[in-house]
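Each remark here refers to the structure printed beneath this line.
The values are calculated or read from the model by the stated rules, or taken from the named source; none is laboratory data. Please read all numbers here as calculations on a predicted model, not as lab measurements. Positions of Cβ are backbone-derived with ideal geometry, glycine not excepted, and every protein chain shown enters the neighbour counts. With ligands, DNA and RNA removed, areas are computed over all heavy atoms of the protein, side chains included. Shrake-Rupley method; radii C 1.70, N 1.55, O 1.52, S 1.80 Å.
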Amino acid sequence: MNRAQIGKALAKSRKDRKMTQSAMQELTGVNKSTISEIENGRFTGSLDILERYINSLGFALSITAVEHKLPDWDDLGALFDEDE
């Protein structure tokens, strides 16, 4: 998931609980503007703050390896085909 997708999932979870960003601020101690940044995929701050907000909604922060997929040898010609 990217930041925007994470933020969207967190915002949905908060709204499903019928909580405002202001209510989450009181619950977590995370500033309302920071919650907005997280939910809009623009947060670049402290991991501690992000984790506090994520945990308050019942999520856990985890790390997964990125898998890079190279094209098949047979498909390489099509990538550089100048006839099209």
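A P(r) calculated from all alpha carbon pairs of the chain, with 5 Å bins opening at zero, reads 3, 13, 22, 20, 8, 5, 5, 6, 7, 6, 4, 1, 0 percent. Annotation for the stretch 6-21 versus the stretch 41-81: alpha-carbon center distance of 21 Å.
In this calculation the C-beta distance from residue 40 to residue 69 is compared with R0 = 41 Å, giving a FRET efficiency of 0.90.
In a fully extended conformation the segment linking residue 25 and residue 60 would gain 10.7 nm over its present Cα-Cα distance, using 0.36 nm per residue. Ignoring lysines fewer than eight residues from residue 8 along the same chain, the ones with Cα atoms less than 20 angstrom from its Cα are 18, 32.
Shown for the chain: the carbon plus sulfur share of the solvent-accessible area, taken with all protein chains present and a 1.4 angstrom probe, equals 51%. When each of the peptides 63-70, 34-41, 46-53 is scored by the mean number of other C-beta atoms lying within 10 Å of its residues, the order from highest to lowest reads 34-41, 46-53, 63-70. Dividing the helix sum by the residues of the chain, where each DSSP H run of 4 or more adds -39500 (n - 2.57), gives a mean residue ellipticity at 222 nm of -16000 deg cm²/dmol. Over the chain, accessible surface divided per residue gives 80 Å², non-protein components excluded, 1.4 Å probe.
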